Amino acid sequence: MLETANQPKIVTAAMLVIGNEILSGRTRDANMYFLAGKLIELGIRLAEARVVPDVPERIIRAVNELRATYDYVFTSGGIGPTHDDITADCIAQAFGVGIDIHPEARRRLEAHYEAGMLNAARLRMARIPDTASLIDNPVSAAPGFRIDNVLVMAGVPSIFQAMVASVSADLVGGDKLLSRTVIALIPEGAIAEQLGALQREFPDVDMGSYPAFRGGKASCAIVMRSTDKARLDAAAEKMHGIFRAMGGEPFENEIV
């Protein structure tokens, strides 16, 4: 399809969360929430998220599917020093490359640990797939890595966030997704028909409805997103009118 001048540039990403501890409920994932917010700032849309166990074939299949579909793939978890940290090996297999101790990764670990503390288990964190570049880890030194469009990061939230910060300048985003949230003390079911008609009128504005109770009364927040500010503003103003026609007094807030 030929691109036209008014088509937005859309850049997409996926997140792959790796680890049995997430699926068992022992660990609560906080990284997806952080990543989604950061990517929005960069003009990148987090379009899919998956959680997979520490099973090599499952990890490899997910990596290959996601990297073929999206502009970027971010993984979290599985690059530590223990036997079940298998992400680096799986990424190497997914790309069909070898894996070995990376000299620079080893140097960083040697500088971080006191003499004699860099044992065989910790040295596992220096194993990096061939052709990959390192992702800085200012928190605990053990680097993540990037190979093609796949960025492999730690699962510990503080380290994950530091790694995202270290690669942000290298990520190429598209047109930023703008948003407006219109709220009123009107039940969701009361405006469903009008909202559907509004969505048909503005197919280029994504609209989501989020019911809640505020002060004991049913309310509805309509979250609207678009890369076109004029269209977004026009849709939001019409949503104000819909709420007023139903007897509500709309107001706006951040995304809920």
Could you order MET246, MET163 so the one with the most accessible surface comes first? Probe is 1.4 Å.
MET246, MET163
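What 222 nm value per residue comes from the helices of the chain, counting each DSSP H run with n ≥ 4 as -39,500 (n - 2.57) and dividing by all residues, nearest 500 deg cm²/dmol?
Rounded to the nearest 500, the figure is -11000 deg cm²/dmol.
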Have a look at PRO203, ILE242, ALA141 and report the one farthest towards the positive end of the charge dipole of the chain, computed about the Cα centre with Cβ charges (Lys/Arg +1, Asp/Glu -1).
ILE242
Run the dipole for the range 34-83 about the Cα centre, Lys and Arg Cβ at +1, Asp and Glu Cβ at -1, nothing else charged, and hand back the magnitude in debye, nearest 20.
20 debye
Give, rounded to the nearest 20 debye, the magnitude of the charge dipole that the chain has about its Cα centre when Lys and Arg contribute +1 at Cβ and Asp and Glu contribute -1 at Cβ.
320 debye
Helix 188-201: angle to the longest alpha-carbon principal axis of the chain, degrees 0 to 90, nearest 10?
80 degrees
Say the dipole of the chain comes from +1 at the beta carbon of Lys and Arg and -1 at that of Asp and Glu; which of ILE159, GLN194, ILE40 then lies farthest toward its positive end?
GLN194
In the neighborhood of ALA142, defined by Cβ-to-Cβ distances under 14 Å, what is the net charge if each Lys or Arg adds +1 and each Asp or Glu adds -1?
+2
What is the dipole size for the range 6-119, taken about its Cα centre, with +1 at each Lys and Arg Cβ and -1 at each Asp and Glu Cβ, in debye to the nearest 20?
400 debye
At R0 = 51 Å, how high is the FRET efficiency between ALA192 and ALA111 if r is their beta carbon distance? Nearest 0.05 is fine.
0.25
For Rg/Rh (Cα atoms, Kirkwood Rh), with candidates (1) 1.09; (2) 0.95; (3) 0.92, the value calculated from the shown model is option (1)
The chain: relative contact order in percent, alpha carbon pairs under 8 Å with at least 6 residues between:
17 percent
Amide H to amide H, which residues 5 or more places from GLU48 or on other chains are under 5 Å from it, using H placed in the peptide plane?
ALA13, MET15
Dividing the mean separation of Cα pairs under 8 Å (6+ apart) by the residue count of the range 1-83 yields a relative contact order in percent of 45 percent
Using a 1.4 angstrom probe and counting only protein chains, how large is the accessible area of LYS229 in Å², to 10?
120 Å²
At a probe radius of 1.4 Å, what is the per-residue accessible area of CYS90, in Å² to the nearest 10?
0 Å²
With a cut-off of 20 Å, note down the residues of the range 48-90 whose backbone N falls inside the zone around a label point 7 Å from the Cα of ALA121 toward its beta carbon.
54, 77-89
What lysines does LYS9 reach when the alpha-carbon gap must be under 22 Å and sequence neighbours fewer than 8 apart in one chain are set aside?
LYS38, LYS176, LYS229
Given H placed 1.01 Å from N in the peptide plane, which residues other than close sequence neighbours of THR227 have an amide H under 5 Å from its amide H?
LEU178
Sort TYR72, TYR113, TYR210 by accessible area with a 1.4 Å probe, largest first.
TYR210, TYR113, TYR72
Heavy atoms of the protein only, probe of 1.4 Å, neighbouring chains included. What is the accessible area of SER168 in Å², nearest 10?
20 Å²
Percent antiparallel among DSSP beta bridges confined to the chain, nearest 5, equals 60 percent
Which value, in Å², gives the accessible area per residue of the chain when a 1.4 Å probe is used on the protein heavy atoms?
52 Å²
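Quick one: order PHE213, PHE243 from most to least accessible surface, probe 1.4 Å.
Sorted descending by solvent-accessible area, the residues read PHE213, PHE243.
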If you roll a 1.4 Å probe over the range 171-256 with all protein chains in place, what percent of the accessible area is carbon or sulfur?
54 percent
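The values are calculated or read from the model by the stated rules, or taken from the named source; none is laboratory data. For clarity, every value in this text was computed on a predicted model and none was experimentally measured. Every residue, glycine as well, gets a Cβ built from its backbone with ideal geometry; the counts of neighbours run over all protein chains shown. All accessible areas refer to the heavy atoms of the entire protein, side chains included, with ligands and DNA or RNA removed. Shrake-Rupley method; radii C 1.70, N 1.55, O 1.52, S 1.80 Å.
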